[in-house]
Amino acid sequence: MGGFLGIASKKNCMLDVFFGVDYHSHLGTRRAGMAAWDSEIGLQRQIHNISNAPFRTKFEHIFEEMQGTSAIGCISDADPQPLLICSNLGTYAICMTGVINNADELIRNYLSFSGGHFGAMTGGKVNQTELFAALINQKSDFTEGIRFAQRSIVGTASILILTERGTLIVARDRAGRLPVAIGRNENGYACAFESFAFLKTGYEDVCELGPGEIVELTPSEMIRLSPPGEMKKICSFLWSYYGYPTSTYEGVNVEEMRYRNGAILAENDAAIGHDEPIDYIGGVPDSGTPHAIGYANRSGKPFARAFIKYTPTWSRSFMPASQNDRDKIAKMKQIPVHALIQGKNLLFVDDSIVRGTQLRETVEFLYESGANTVHMRSACPPIMFPCKYLNFSRSNSEMELIARQVIMELEGEEGFNHLADYADGTTERGQNLRRAIADRFHFASLEFQSLEGVVKAIGLPKCELCTYCFDGKE
């Protein structure tokens, strides 16, 4: 994934942008960058690799290197950005969140008629942000260029531009799968993926952009360049997993949604007769914890943190390339509270079960630490499709998903014609899927949240939510 923040101010805004970008660190672990505009210096930019050190460490000297009354910054799991672009529209800095799935086709088309070129990264790959900028530059102004680029891509792109005049142009993706919030204080305007990032630096909420909406921010006003579209498909996984607990999207707070989601899980368990002896309810940290609190509150069973994730020296940013090394690091972070594990029957709630690799390590660790039984609940339905709209998932094919693997084992390719049955825990196929995954990972029992339960916990109409990874519906 990734996230961005920008400020157009009457005063030096570098400190606010520094902290605001840092507040997006949960969204990416690979690269980060900042660009600034100063009336005397013009545009400036810095990009750093944050794979082995957090944003704050890599950018702690930014105030000695850059200055500006307008600035943008981003955290990314994708290509280096922001980029500085010199074009027919002027010189500007640009960053994006999302993914372009038809990049190869767009690159071929562009090179075939333009006579232009792209800077190539290692392996010949073209930076997706540069590609988006090339699409924008085919039109005579930013508004038409962004509209054209968003119509051209298959995927999702929210865009933040810092112009050579020091204004910001920000656009939410056409389907509204990702959030963009606008804030204001006495000195100017801010925009961000996570609204709490500018709220913490003294800005007040103004609005959330609608799907495809484009605005220009100056220190004194917000100018609408293109109205919002009617179709909205905001990612439901925002609330279940990668949104920050203090964030609110479309008026729905993440932490509250997770409490409601856990409560619905507990109600479902009671309805189907799960009455196993449970000593403690716990969450797989960190995002599973609020779901577990909601479950415990509704079930009346005590919540406890049977193990703690040790992060002071094993930060999330440290993510080795090797899967074996990633699993080892994940296990090294887990510190047991033996008094809450030994001889106990435990029920854990995780935000989701995608591939299950690290979850297997977690359960083995709990049994090694003396647990009597480990029951598992997923706060999401079985994930049947890799996300094709965002780049938050590492799954490159359907068969990397644990649900798909088990269905293939149970029924072969014929099973893929019955995915709705497998997702539904009340059907024979659904029960077989849960038993098979539980056997593979040594869960004493396993249940998934239903799609209806997720939608109910969010509280928005299903037609406004993207649930593609669960049901394959666009």
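The values are calculated or read from the model by the stated rules, or taken from the named source; none is laboratory data. Quantities reported herein were computed from a predicted structural model and do not represent experimental measurements. Glycine gets a Cβ as well: all are built from the backbone with ideal geometry, and neighbour counts include every protein chain shown.
A few points about this structure:
- Within this structure, T29 fails the test of being in a helix (DSSP H, G or I), hydroxyl-bearing (S, T, Y), surrounded by fewer than 24 Cβ atoms within 10 Å (Cβ to Cβ) and in the same structural domain as L168 (by TED's automatic domain parsing).
- Residue match in the stretch 270-277 (condition: within 18 Å of D350 (Cα to Cα), part of a loop (DSSP other than H, G, I, E, B) and β-branched (V, I, T)): no
- Hits in the stretch 210-241 - residues which are closer than 20 Å to L27 by Cα and either in a loop (DSSP other than H, G, I, E, B) or more than 17 Å from the chain's Cα centre (by Cα) (or both): K233, S236
- Flag for L433 being in contact with a Lys or Arg (Cβ under 6 Å, 6 or more places away or on another chain), farther than 27 Å from G3 by Cβ and either crowded, with 17+ Cβ neighbours inside 10 Å or not hydroxyl-bearing (S, T, Y) (or both): no
- Single residue of T129, T97 found to be part of a helix (DSSP H, G or I), touching a strand residue (DSSP E or B) at 6+ places or on another chain (Cβ under 6 Å) and of a type outside the set (G, A, S): T129
- Near pairs, Cβ below 8 angstrom, 6+ apart or cross-chain, from the stretch 38-63 (on the phi > 0 side of the Ramachandran plot) to any residue that is in a strand (DSSP E or B) and of a type outside the set (D, E): G42/T91
- With respect to the conditions (1) buried (at least 19 other Cβ atoms within 10 Å of the Cβ); (2) in contact with a helix residue (DSSP H, G or I) (Cβ under 7 Å, 6 or more places away or on another chain); (3) touching a residue at least 24 places away in the same chain (Cβ under 8 Å); (4) not aromatic (F, W, Y), L390 falls short on a single one, namely (2).
- Residue in the stretch 106-120 that is in a helix (DSSP H, G or I), under 27 Å from the mean Cα position of the chain (by Cα) and assigned by TED's automatic domain parsing to the domain that holds R30 present: yes
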